[in-house]
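The values are calculated or read from the model by the stated rules, or taken from the named source; none is laboratory data. This one's a predicted model, so the numbers in the text were calculated from it and none came from an experiment. A quick note on method: Cβ atoms are made from the backbone with ideal geometry, for glycine too, and the neighbour counts reach across all protein chains shown.
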Amino acid sequence: MSDSIPTEPNDTAQTTPPPAETSPKLDDQIAAAKQEAAASYDRYTRAVADLENFRKRTLREKEELRLYALSGLLEDVIPILDNLGLGLAAAKQQTDVKSIVDGVSLTLEQFKTTLVRHGLKEVNPAGQRFDPNFHECISHQPSAEVGEEHVIQVVRLGYTLNSRLLRPASVIVSSGPAQ
């Protein structure tokens, strides 16, 4: 039977080459690469932990700032509260209204000075040109003395804190001479 299929496998087609022996130099390179990878992974995990600790510390410090940001201002306001209490006690015993008014005026000035020291400034635009960025017009009135679009009267003072508007001044604005 010459047409039969050979039962022996073809040695050249199906054999795999024997595993190559790794050289000692290659083994050293693999070991060094594994050691470097382990060191890199260790640095990575430490960096992630450091970043997480930094994030937590930043959140904690931010919360402390929020809670105690006003402590400096309040330390300066406490003597004013003391003076108001003393003034009220004195007013109950006094019959002289002028001395009571003087005491309250001094306490008000002390309070304003404290607020200015902490960055609060009054916006008092009497006689100035109306500025919608700092003023709130509540009414227009004709006026022969005050120019058109200038403030005739300040109804309520405005305030800025470190150049940032907290409350606009409520004003009455001139609409010019009466027609």
- line: Of (1) surrounded by fewer than 10 Cβ atoms within 10 Å (Cβ to Cβ); (2) among the hydroxyl-bearing types (Ser, Thr, Tyr); (3) modelled with pLDDT of 90 or more, Thr58 satisfies every one except (1)
- prompt: Among the residues of region 89-98, is any assigned to a loop (DSSP other than H, G, I, E, B), exposed (fewer than 13 other Cβ atoms within 10 Å of the Cβ) and among the β-branched types (Val, Ile, Thr)?
  reply: yes
- prompt: In the list Leu67, Leu106, Leu73, which residue meets the criterion of being in contact (Cβ under 8 Å) with a residue 40 or more places away in the chain and either within 33 Å of the chain's Cα centre (by Cα) or within 27 Å of Gly119 (Cβ to Cβ) (or both)?
  reply: Leu73
statement: Selection over region 107-158 where residues are surrounded by fewer than 14 Cβ atoms within 10 Å (Cβ to Cβ), more than 30 Å from Asn83 (Cα to Cα) and among the hydroxyl-bearing types (Ser, Thr, Tyr) yields a count of 1
message: Name the residue that is modelled with the lowest pLDDT, counting only residues in region 94-152 that are among the acidic types (Asp, Glu) and within 30 Å of Ser71 (Cα to Cα).
response: Asp102
